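Novice: Encoded as structure tokens, here's the structure I'll be asking about.
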């Protein structure tokens, strides 16, 4: 009797009922090769779907029907393509696609009007869609460790962007539109091929407190000659002074990370 009860409590139907009641489906490290059908049956009740560290090769088209999804985490899989109908997920706020095999992102990504955080590091991206500029509510964009040679000019339309991470690519030029990112606080471009930055970047991005440019051809002299460098330095110092006043423990390297180019 007890054995039958145990099996019944973990039946597909009971799992679907449990997931619908919580709105959360978490199947990390489950060795999944495809998304189980019962996951998709949760439908409009689902708010969070976490399928981290599985063996998924693709995202089923049906994911586009999960219209109330707010967080989708697919890191650490074998995914190569993102279906166009991901653009139907209009309520999604966090999309995590790190450590996959993604070479392109669909233009429909720009339809995710409520997206606040997009992380697609450690993939094989050759470029970003122009529609990235339609993500007007995005505050964090992480495209580190891909194969990007440039950032799209449209990125300057991401008016709420506070943190841009694009380390470990092959980026040579930073588009002048980045100067429009008035909310930008942190810009990380370590390990690229950048020889110069837009001349008014430090002057126009008045919220900018940290720039990381380790392992790039740009020199410290070039950086210090940019318009607005003194104001940038003042913001950076004020930020770290505030942290010290709050008794935040910091290493000596943390104090230098804002402008150390080597």
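The values are calculated or read from the model by the stated rules, or taken from the named source; none is laboratory data. What you are looking at is a predicted structure, and each value in this text was computed from that prediction instead of being measured. As a convention, Cβ positions derive from the backbone with ideal geometry for all residues, glycine included, and neighbour counts pool all protein chains shown.
Novice: Quick check on my filter: what residues within the stretch 130-140 are surrounded by fewer than 17 Cβ atoms within 10 Å (Cβ to Cβ) and either under 13 Å from residue 191 (Cβ atoms) or touching a helix residue (DSSP H, G or I) at 6+ places or on another chain (Cβ under 9 Å) (or both)?
Specialist: Of everything in the stretch 130-140, those that are surrounded by fewer than 17 Cβ atoms within 10 Å (Cβ to Cβ) and either under 13 Å from residue 191 (Cβ atoms) or touching a helix residue (DSSP H, G or I) at 6+ places or on another chain (Cβ under 9 Å) (or both) turn out to be 130, 136.
Yes/no matrix, rows are residues, columns are (1) surrounded by fewer than 19 Cβ atoms within 10 Å (Cβ to Cβ); (2) more than 29 Å from residue 198 (Cα to Cα); (3) modelled with pLDDT under 95:
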site: 89; (1), (2), (3): no, yes, no
site: 92; (1), (2), (3): no, yes, no
site: 104; (1), (2), (3): yes, no, no
site: 128; (1), (2), (3): no, no, no
site: 142; (1), (2), (3): no, no, no
site: 145; (1), (2), (3): no, no, no
site: 149; (1), (2), (3): yes, no, no
site: 154; (1), (2), (3): yes, no, no
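A quick yes/no check of all residues on (1) assigned to a loop (DSSP other than H, G, I, E, B); (2) under 21 Å from residue 160 (Cα atoms); (3) modelled with pLDDT of 95 or more:
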| site | (1), (2), (3) |
| --- | --- |
| 25 | no, no, yes |
| 33 | yes, no, yes |
| 53 | yes, no, yes |
| 76 | yes, no, yes |
| 110 | no, yes, yes |
| 122 | yes, no, yes |
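Novice: Have a look at 62, 80 and point out the one that is at pLDDT below 95, surrounded by fewer than 18 Cβ atoms within 10 Å (Cβ to Cβ) and either under 24 Å from the mean Cα position of the chain (by Cα) or under 18 Å from residue 115 (Cβ atoms) (or both).
Specialist: Numbers: 80 fails: at pLDDT below 95.
Selected residue: 62, the only one of 62, 80 that is at pLDDT below 95, surrounded by fewer than 18 Cβ atoms within 10 Å (Cβ to Cβ) and either under 24 Å from the mean Cα position of the chain (by Cα) or under 18 Å from residue 115 (Cβ atoms) (or both).
Novice: If residue 49 meets every condition in (1) in contact with a strand residue (DSSP E or B) (Cβ under 8 Å, 6 or more places away or on another chain); (2) over 30 Å from residue 154 (Cα atoms); (3) not in a loop (DSSP other than H, G, I, E, B) apart from one, which number is that one?
Specialist: With respect to (1) in contact with a strand residue (DSSP E or B) (Cβ under 8 Å, 6 or more places away or on another chain); (2) over 30 Å from residue 154 (Cα atoms); (3) not in a loop (DSSP other than H, G, I, E, B), residue 49 is out only on (2).
Novice: Return the residues of the stretch 204-222 that are assigned to a helix (DSSP H, G or I) and either without any contact (Cβ under 8 Å) to a residue 12 or more places away in the chain or in contact with a helix residue (DSSP H, G or I) (Cβ under 7 Å, 6 or more places away or on another chain) (or both); say none if nothing qualifies. Talk me through it step by step, then tell me what you get.
Specialist: The first filter runs over the stretch 204-222 and keeps only residues assigned to a helix (DSSP H, G or I), leaving 204, 220-222.
Passing the criteria: 204, 221.
Novice: A further question on this structure: Within the set of pairs 6 or more residues apart or between chains, which connect a residue that is on the phi > 0 side of the Ramachandran plot inside the stretch 13-39 to a residue that is assigned to a loop (DSSP other than H, G, I, E, B) with Cβ atoms less than 7 Å apart?
Specialist: Between residues of the stretch 13-39 that are on the phi > 0 side of the Ramachandran plot and residues that are assigned to a loop (DSSP other than H, G, I, E, B), the close pairs are 23/46; 23/47; 29/53; 31/54; 31/55.
Novice: Here's a follow-up. Which ones in the stretch 143-178 are outside any loop (DSSP other than H, G, I, E, B), touching a helix residue (DSSP H, G or I) at 6+ places or on another chain (Cβ under 9 Å) and within 18 Å of residue 212 (Cβ to Cβ)?
Specialist: Looking only at the stretch 143-178, we keep the residues that are outside any loop (DSSP other than H, G, I, E, B), and these are 150, 153-157, 163-165, 173, 176-178.
The next check asks that each one be touching a helix residue (DSSP H, G or I) at 6+ places or on another chain (Cβ under 9 Å); those that pass are 153-157, 164, 176-178.
Scanning the stretch 143-178 gives 155, 164, 178.
Novice: Only one of (1) surrounded by 19 or more Cβ atoms within 10 Å (Cβ to Cβ); (2) out of contact with any strand residue (DSSP E or B) (no Cβ under 8 Å at 6 or more places or on another chain); (3) farther than 16 Å from residue 232 by Cα is not met by residue 171, so which one is it?
Specialist: (2)
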